[in-house]
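Written below as structure tokens is the structure these notes are about.
The values are calculated or read from the model by the stated rules, or taken from the named source; none is laboratory data. Because the structure is a prediction, the values reported are computed rather than measured. Note: ideal-geometry Cβ built from the backbone for every residue, glycine included; neighbour counts use all protein chains shown. Surface accessibility is based on the protein's heavy atoms, side chains included, excluding ligands, DNA and RNA. Shrake-Rupley method; radii C 1.70, N 1.55, O 1.52, S 1.80 Å.
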Amino acid sequence: MTEQFPGAVLDLLDAAGDRPVFEHAGREVSGARLLGMVRRAANGLRQYGVGPGDGVAVLMGVGPGAFAAIIAAHVAGARVVGVRPGLTGRQQEHVLRGVDVTVTDRPEDPGARAGGLVVALNDLLTTADDGARPRVLARPEDIARLLHTSGSTGVPKACAQTYAAMTAGWAHRPDAWPPAVRELAGRLDRFLVFGTLASQVMMEYGLLALAAGGTLVTADPPDFPDALVRHRATASVITVARLTKLVAAQRESPVDLGPLRALMVSGSPLEPGRLREAAEVLGPVVFHGYGQTETGMISMATPGEPAGSLGVPPVELEIRDASGRPVRHGTDGELFARTPSQSSGYWQEPALTAEVFSDGWVRTRDLGRLDASGRLWLTGRIRDVIIVNANVYYAGPVERLLAGHPSVAEAYVVAVPDDSTGEAVHAFVVPAAGHAPGLGELRALVAADLGDACAPTRLTLIGEVPLTAAGKPDKRRLLGGS
């Protein structure tokens, strides 16, 4: 019987031995030392009574201690809840609801107190090390982690991933790497990590780098291109907006990015023109991943793929028409995916789960087609969303907030391209009689409730909203007239 996750990760660290697996704050951490940190953290969590099914929140950055604490929580079989930066106070309280222990590298953060007992990371790592291989207590059917969406619906939704799904994941298992991932893995000698390892993308690629024999190099702040140069990075994750800025900086004042071999773009579509420009300036280094929080990776384009293609999906994928029937290659439709490591549903949201998860398939709510060679091409999306800094935000809650302002009669928001964030919110507002709302007050209203990313960056006052033939607001015409 296969040992549950994170057994394979413990094996990776054990096999690494004296090889550096982390480079943090100017110091190298070997696989053996990191494994010792995992043991300490696991023993510490056990002393706090953490076991299978308990909720453990991680409010931490990207250092080796954070990695050790996350893996230790999985060793205990806990339900690991990552807390990403940028949440409002209300959203963070929601994320931490039902958590028994919060492990944090900033115990002074008052927001951490919403998540049960607060344990300082340093205290956890000073627990005695018994030298024994940690005993993995995880059970296949238990929830291994909750991966939260953006929270633009008011509070973040949590995608629940079981230990069985994490065990089946590709990142830590070289035998499961599809060709595109295998090509990427060979470029991860020095993988630059930043932000938080509670990030699904950062942890997945971090595990891939370790399994490929690479080193995780921490950067704070992740200022590109300086961080790439300073840390001699061969690879990192990058958003579309940050890639655009990097390309512009290299055109204006180029620096030596000689070691760079891979930039993994994820979270939002990369226009073919942007990809061609990046390849011209940076060389053949851009890998474009497509996936969702609900599914994990669905497909990945290597630098050799035609611009706009997302490569041949290594998972089960169906393109379906409006009635739910699969369509032929070359025909557009909605994407339905089935992946080994997909979530089992939304935590404590049965109605929402039924809308997206059905018969083992996940409804992506994205539109696309498969060409004759099996390559995936995205052509649009069904959801009314804006993707800001690779996070998905729904238009509806923003519109409802704006419409509740006393100076606003009607409000509609759309996604517009933005060089800083990939996409941004453009609000079209029908003013209430005798009023002329300003962008500043509407931004403040939205930011206070849903966060800065949802706040409109542009405002257009209109007399009435254009309608489709069916009598619904025509957002395409709004954009065409702006």
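The selection criterion, being more than 30 Å from Gly308 (Cα to Cα), open to solvent by 30 Å² or more (accessible area, probe 1.4 Å) and not acidic (Asp, Glu), does not hold for Pro417. Being more than 20 Å from Gly360 (Cβ to Cβ), open to solvent by 40 Å² or more (accessible area, probe 1.4 Å), without any contact (Cβ under 8 Å) to a residue 60 or more places away in the chain and among the polar types (S, T, N, Q) holds for only one residue in Ser323, Ser253, and it is Ser253. For segment 222-323, the helices (runs of 4 or more DSSP H) that sit wholly inside it and include 3 or more residues that are charged (D, E, K, R) and at pLDDT below 95 are 240-252, 272-282.
Quick check on segment 156-174. Is at least one of its residues open to solvent by 20 Å² or more (accessible area, probe 1.4 Å), part of a helix (DSSP H, G or I), of a type in the set (Val, Ile, Thr) and modelled with pLDDT of 95 or more? Yes, some residue in segment 156-174 is open to solvent by 20 Å² or more (accessible area, probe 1.4 Å), part of a helix (DSSP H, G or I), of a type in the set (Val, Ile, Thr) and modelled with pLDDT of 95 or more.
Scanning segment 87-112 for residues that are in a loop (DSSP other than H, G, I, E, B) and open to solvent by less than 50 Å² (accessible area, probe 1.4 Å) gives Leu87, Thr88, Leu96, Val99, Asp109. Among the residues of segment 402-412, not a single one is in a loop (DSSP other than H, G, I, E, B) and in contact with a Lys or Arg (Cβ under 7 Å, 6 or more places away or on another chain). Of all residues in segment 380-437 being among the acidic types (Asp, Glu) and more than 30 Å from Val247 (Cα to Cα), which is nearest to the chain's Cα centre (by Cα)? The selected residue is Glu399. The residue pairs whose first member lies in segment 283-303 and is touching a residue at least 60 places away in the same chain (Cβ under 8 Å) and among the acidic types (Asp, Glu), whose second member is open to solvent by less than 20 Å² (accessible area, probe 1.4 Å) and not in a strand (DSSP E or B), and whose beta carbons are closer than 7 Å, counting only pairs six or more residues apart or on different chains, are Glu294/Ser343; Glu294/Val356. Answer yes if at least one residue in segment 126-146 is polar (S, T, N, Q) and within 30 Å of Pro397 (Cα to Cα), and no otherwise. Within segment 126-146, not a single residue is polar (S, T, N, Q) and within 30 Å of Pro397 (Cα to Cα).
So that you can scan it fast, the table gives a plain yes or no per residue for (1) farther than 14 Å from Ile386 by Cβ; (2) open to solvent by less than 30 Å² (accessible area, probe 1.4 Å); (3) free of Cβ contacts under 8 Å to residues at least 40 places away in the same chain; (4) touching a Pro at 6+ places or on another chain (Cβ under 7 Å):
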| site | (1), (2), (3), (4) |
| --- | --- |
| Glu410 | yes, no, no, no |
| Val413 | no, yes, no, yes |
| Ala424 | no, yes, yes, no |
| Pro431 | yes, no, yes, yes |
| His435 | yes, no, yes, no |
| Leu450 | no, yes, no, yes |
| Arg458 | no, no, no, no |
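Pro314 meets all of the listed conditions (1) open to solvent by 30 Å² or more (accessible area, probe 1.4 Å); (2) in contact with a helix residue (DSSP H, G or I) (Cβ under 7 Å, 6 or more places away or on another chain) but one, namely (2).
Selection of segment 92-141 for residues being closer than 18 Å to Val58 by Cα and of a type in the set (D, E, K, R) yields Glu93, Arg97, Asp100, Asp105, Arg106, Glu108, Asp109, Arg113, Asp123. Can we say Arg145 is touching a helix residue (DSSP H, G or I) at 6+ places or on another chain (Cβ under 9 Å), under 28 Å from Thr2 (Cβ atoms), in contact (Cβ under 8 Å) with a residue 60 or more places away in the chain and outside any loop (DSSP other than H, G, I, E, B)? For Arg145, the condition - touching a helix residue (DSSP H, G or I) at 6+ places or on another chain (Cβ under 9 Å), under 28 Å from Thr2 (Cβ atoms), in contact (Cβ under 8 Å) with a residue 60 or more places away in the chain and outside any loop (DSSP other than H, G, I, E, B) - is met. Answer with yes or no whether Val193 is in contact with a strand residue (DSSP E or B) (Cβ under 9 Å, 6 or more places away or on another chain), aliphatic (A, V, I, L, M) and open to solvent by 20 Å² or more (accessible area, probe 1.4 Å). Taking the combined requirement at face value, the residue does not satisfy it.
Per the listing Ala25, Ala72, Ala16, Ala8, the residue uniquely of a type outside the set (Asp, Glu), within 21 Å of Ser199 (Cα to Cα) and open to solvent by less than 30 Å² (accessible area, probe 1.4 Å) is Ala72. Considered as a group, the residues in segment 394-406 that are in contact with a strand residue (DSSP E or B) (Cβ under 7 Å, 6 or more places away or on another chain) and open to solvent by less than 20 Å² (accessible area, probe 1.4 Å) include one that is nearest to Leu479 (Cα to Cα), and that residue is Ala395. Any residue at all in segment 438-446 that is closer than 30 Å to Arg274 by Cα and either within 31 Å of the chain's Cα centre (by Cα) or open to solvent by 40 Å² or more (accessible area, probe 1.4 Å) (or both)? Scanning segment 438-446 turns up at least one residue that is closer than 30 Å to Arg274 by Cα and either within 31 Å of the chain's Cα centre (by Cα) or open to solvent by 40 Å² or more (accessible area, probe 1.4 Å) (or both). Filtering segment 113-142 to residues that are more than 22 Å from Met166 (Cα to Cα), assigned to a loop (DSSP other than H, G, I, E, B) and of a type outside the set (Val, Ile, Thr) leaves Gly115, Gly116, Leu125, Ala128, Asp129, Asp130, Gly131, Ala132. For segment 407-451, enumerate the residues that are under 30 Å from Ser266 (Cα atoms), touching a strand residue (DSSP E or B) at 6+ places or on another chain (Cβ under 9 Å) and of a type in the set (Asp, Glu). Answer for segment 407-451, where residues must be under 30 Å from Ser266 (Cα atoms), touching a strand residue (DSSP E or B) at 6+ places or on another chain (Cβ under 9 Å) and of a type in the set (Asp, Glu): Asp418, Glu423.
If only residues of segment 349-375 that are without any contact (Cβ under 8 Å) to a residue 24 or more places away in the chain and not in a strand (DSSP E or B) are counted, the one that is surrounded by the most Cβ atoms within 10 Å (Cβ to Cβ) is Thr353.
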